[in-house]
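Right, one structure below, let's go through it.
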Amino acid sequence: MVHCFISTLPGAVPAATNGQVTSILDLMMKGGIIMIPILLLSVISVYLFIERYIYIRKLSAIDRNLVPSVIGELKAKNPEKAMTMASNDQSALGRVMESGIENSGKTSADVERNLETTTNLMVTKMENHLGYLGIIAGIAPMLGFVGTIAGVIKIFYNISLADNISIGIISGGLYQKMICSGTGLIVGVLAYTGYHLLQMMIDRYMIKLQESLIQFLKAF
């Protein structure tokens, strides 16, 4: 009865949780020293994905009233007010329209060329650091494969020392082999997925941006 009472105390759940976390960490460490760069790559990939996701969401926000309002001011011969509206918008669309308004006195071809240059700059800013996710997606599984080779070497080395084959001798090498390869693949898949999800966000936004700019160019 005392044991049942103790198990229901608030401190009992964190103790069990801490035990689970400790056992997971112990299991991960059985992968050997190669697990350190793999886990480091996992932290970097998570950070890059979150940072790029927030940045892309901020730049890709589109105010549906912005383009009609700016066009209305340009047609009413109020370029200063149109510039203020575009400058106050923090999205990539606002930056692109701002560059177009600055060249409103030029020909339509010049305005369109300037819009294209600014759009390419915005896309480059969105894609900044995405290449690192692609690199991690390729490196992490390779590091896991290195750990697999190290585990196999460890198995044969232990067998040569003991001059005997038993499950206890080969279990350490098998741990290292499977944990490294599994973790490396998981990190690689997550980085690969994150890279393409962010790239899809940029591609979808580019379609919406082009549609908005087509309307914007009608004011010139």
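The values are calculated or read from the model by the stated rules, or taken from the named source; none is laboratory data. Keep in mind that what you see is a predicted model, and the values were worked out from it rather than measured. When we count neighbours, we look across all protein chains shown, and the Cβ atoms used for this are built from the backbone with ideal geometry, even at glycine.
Within the range 85-97, the residues that satisfy the criterion of being surrounded by 15 or more Cβ atoms within 10 Å (Cβ to Cβ) and without any contact (Cβ under 8 Å) to a residue 24 or more places away in the chain are Met85, Ala86. Tell me, which residue of the range 98-135 that is more than 30 Å from Val189 (Cα to Cα) and in contact (Cβ under 8 Å) with a residue 60 or more places away in the chain is surrounded by the fewest Cβ atoms within 10 Å (Cβ to Cβ)? Looking at residues that are more than 30 Å from Val189 (Cα to Cα) and in contact (Cβ under 8 Å) with a residue 60 or more places away in the chain, I get Ser108. Just so you know, in the range 27-42 the residues that are aliphatic (A, V, I, L, M) and under 14 Å from Ile135 (Cα atoms) include one that is modelled with the lowest pLDDT, and it is Ile38. The set of residues in the range 176-220 being among the hydroxyl-bearing types (Ser, Thr, Tyr) and touching a residue at least 24 places away in the same chain (Cβ under 8 Å) consists of Ser181, Thr183, Tyr192, Tyr195, Tyr205, Ser212. Scoring Leu59 on the criteria (1) surrounded by 11 or more Cβ atoms within 10 Å (Cβ to Cβ); (2) modelled with pLDDT under 85 leaves a single failure, condition (2).
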